[in-house]
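Only one structure is covered here, and it is reproduced in the block below.
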Ligand SMILES: [Zn+2]
C-alpha cells in the first residue's frame, strides 16, 4: 500500500510523494528553550520521531531539521522569559538557552527520540533573518514604521489558510504585537527594536533589535532544506498564529509553496486544557521518567493517532507501563528460547518460519502506519503478536529456530526500530543478561513461597527487589518486571 498522509493544509488524506526519490526533507518547530521540556513537548517530538522512523523503514533517507527558538519569543509580563530566567540565575540568555537545549537533547535521548540531522538555533541565523526581511520589504510584502518592520497581510487573500481561522490569526497578532503603528491590526512583526535593557538584540538596518516570533522558523527551514520541502511538523497549539504566519511569509518570500505536507500533532491535555508551562499544569519529562519507563511513556503518547489529543492520566500511564513490561517479558522469553533451541538444532532442522500467520503482522503493521502513521492500530498489531508468541512459547516446545527468529525480527523491526518501545538489549546484553537471570531466579523463589503460602518470605523478596530498583507486576499468566529509573 502507498503511504498516505493527512495534510493539515489541504485537510485531505494524500498519497505521499517526496520531491526526491531517496530523500525526505522535514522541518519541525523546536521548543523555546527557557525551561525543561515537559510531556506535552514529548508528544510532539515522539510523534515526529516515529514519522521519521517509519519513513526510514520504507527506505527513505530523512533530513530532519529541528529549529530551537533562543531569541526570545514569549513575553513574561514586559520581559522576555529567556531574559528574566537568565537574570534570576545570574547568567546570560545564551547560557540559559544552551542549558535547556542540552536538557532537551538529554530528555529526547532518554525517550529514545533519534536526534535530528540538524539542530538549528535561531540566534545563529539572525543575519539571514535580516536579509530575509529586507527581501520582503523589496518585494512590497513588508513595511517599516518608526522602530519596527511588519509583514503586510493585505496582499494575501489566503492568509491563515493553514488554520482557516483568519479571525483567530488576526486576533492573535493584535494581542501579540502590541503595535500601535501597524497599517492593519492583523499584520505581524518581523523586526522590533529593543531598548538597551535587553541583551537579546542585534544590529540591523532598523537599529538594534530582534526578529519577530515567526521569522526564525521560515529562515531556518529555508537555510537547510531549500525554498520548498516535503514535511513541516509541529504541535497543533502552534498553528495559530505561528504556523499561519510562517507559511504566508515563506510563500511571499519564495513564490513557491512552502512545505508540501503539514503535519500537526494533537495536544496533551490536562483536565481539558493543553499541557503548558504557562498554565503550570505540566509534568517535566525528567520527573515523568522517575515514574515510568521511556518505553511506557512512548507507548502512552502513541496510543492514539498523532493528530488526536490525548488526556494525561496517571492510570493510563500505569496501564501503558504494564503493557510494555508484558511486551519486554515476552521478548525475553522468546530470546531465551532461541538460545536454548540453538544448540539442539540438528542439521536437518527447518530454519524457516513454520507459522503462516507471521508475515501478516508485518503487513498489518505497515498498513496501519501507511495510513497517516496510525500508531494506535500499529500498537494493536504488536500486541496481537505478543499474544501469538506467548501461545507459541507455551504450547509449542518444538517451535523451530526459524519461527522464533522470525518473531524476534518482527519485534525488532516494528516495536523496536519504528515505534521505539523495545530496547535492543532486552534479553541480550552480557551484564543485562546476568541481571535478568538473577531477577528471574528471585522471582522463581518468590513463586515457590507463594505456592507454599509462605507470604512473609514472598513479600520480603518483593520488597527487597523494589528497594534495589526492580518493580514487579503480577499478571494473570506470569509476573513481569522492569528496572525502575535511577
Ligand atoms: Zn516554527
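Which ones in segment 263-320 are buried (at least 18 other Cβ atoms within 10 Å of the Cβ), out of contact with any strand residue (DSSP E or B) (no Cβ under 7 Å at 6 or more places or on another chain) and part of a strand (DSSP E or B)? Result: 270, 274. Would you be able to tell me the number of residues in segment 228-252 that are more than 11 Å from the ligand (Cβ to nearest atom) and touching a strand residue (DSSP E or B) at 6+ places or on another chain (Cβ under 6 Å)? Of the residues in segment 228-252, 6 are more than 11 Å from the ligand (Cβ to nearest atom) and touching a strand residue (DSSP E or B) at 6+ places or on another chain (Cβ under 6 Å).
Taking the stated definitions as given, is residue 213 closer than 25 Å to residue 186 by Cβ, assigned by TED's automatic domain parsing to the domain that holds residue 128, over 16 Å from the mean Cα position of the chain (by Cα) and touching a residue at least 60 places away in the same chain (Cβ under 8 Å)? Answer is yes for this residue.
Test of understanding: among 206, 202, which residue is in the same structural domain as residue 92 (by TED's automatic domain parsing), touching a helix residue (DSSP H, G or I) at 6+ places or on another chain (Cβ under 6 Å), more than 13 Å from the ligand (Cβ to nearest atom) and more than 24 Å from residue 14 (Cβ to Cβ)?
Details: 206 fails: touching a helix residue (DSSP H, G or I) at 6+ places or on another chain (Cβ under 6 Å).
Checking each option against the conditions leaves just 202.
The lone criterion from (1) at pLDDT 90 or above; (2) within 22 Å of residue 45 (Cβ to Cβ) left unmet by residue 277 is number (1). When residue 225 is tested against the conditions (1) farther than 17 Å from residue 163 by Cα; (2) crowded, with 24+ Cβ neighbours inside 10 Å; (3) modelled with pLDDT of 95 or more, the lone failure is (2). Scanning segment 211-221 for residues that are more than 10 Å from the ligand (Cβ to nearest atom) and modelled with pLDDT of 95 or more yields a single hit, 219. Close contacts from segment 436-458, counting a first residue that is in the same structural domain as residue 473 (by TED's automatic domain parsing) and a second that is at pLDDT below 85, with Cβ to Cβ under 8 Å and a gap of 6+ residues or different chains, come to 436/427; 439/470; 439/481; 443/472; 443/479; 443/481; 446/479; 447/479. Just one of the numbered conditions (1) without any contact (Cβ under 8 Å) to a residue 60 or more places away in the chain; (2) touching a helix residue (DSSP H, G or I) at 6+ places or on another chain (Cβ under 8 Å); (3) under 26 Å from residue 298 (Cβ atoms) is not true of residue 27; which one? The failed condition is (1).
Got a sec? Which of 53, 63, 87 is part of a helix (DSSP H, G or I), away from the ligand (no atom under 16 Å from the Cβ), over 17 Å from residue 265 (Cβ atoms) and in the same structural domain as residue 219 (by TED's automatic domain parsing)?
Details: 53 fails: over 17 Å from residue 265 (Cβ atoms); 63 fails: part of a helix (DSSP H, G or I).
When all the criteria are applied, what remains is 87.
Within segment 32-48, does at least one residue satisfy the condition of being in contact with a strand residue (DSSP E or B) (Cβ under 6 Å, 6 or more places away or on another chain), more than 19 Å from residue 285 (Cα to Cα), in a strand (DSSP E or B) and within 16 Å of the ligand (Cβ to nearest atom)? Within segment 32-48, none of the residues are in contact with a strand residue (DSSP E or B) (Cβ under 6 Å, 6 or more places away or on another chain), more than 19 Å from residue 285 (Cα to Cα), in a strand (DSSP E or B) and within 16 Å of the ligand (Cβ to nearest atom).
Checking each residue in segment 228-262 for being outside any strand (DSSP E or B) and within 22 Å of residue 46 (Cβ to Cβ) picks out 236, 237, 238, 239, 242, 243. Kindly establish whether residue 255 is assigned by TED's automatic domain parsing to the domain that holds residue 200 and within 13 Å of the ligand (Cβ to nearest atom). No.
Hey, does segment 83-96 have a residue that's within 24 Å of the chain's Cα centre (by Cα) and at pLDDT 90 or above?
From segment 83-96, those within 24 Å of the chain's Cα centre (by Cα) are 96; that's our starting set.
In the following step, the residues that additionally are at pLDDT 90 or above were identified as 96.
Taking every residue of segment 83-96 in turn, at least one turns out to be within 24 Å of the chain's Cα centre (by Cα) and at pLDDT 90 or above.
Every listed requirement among (1) assigned to a helix (DSSP H, G or I); (2) touching a strand residue (DSSP E or B) at 6+ places or on another chain (Cβ under 6 Å); (3) crowded, with 24+ Cβ neighbours inside 10 Å is met by residue 218 save one, (2).
Checking segment 70-78 against the condition returns no match, with no residue being within 16 Å of the ligand (Cβ to nearest atom) and modelled with pLDDT of 95 or more.
With the structure loaded, tell me whether residue 143 is part of a strand (DSSP E or B) and modelled with pLDDT of 75 or more or whether it fails that test.
Numbers: part of a strand (DSSP E or B): yes; modelled with pLDDT of 75 or more: yes.
Yes, satisfied.
The values are calculated or read from the model by the stated rules, or taken from the named source; none is laboratory data. All values derive from a computational prediction rather than experimental measurement. Don't worry about glycine lacking a Cβ; one is built from the backbone with ideal geometry, like all the others, and counts go over all protein chains shown.
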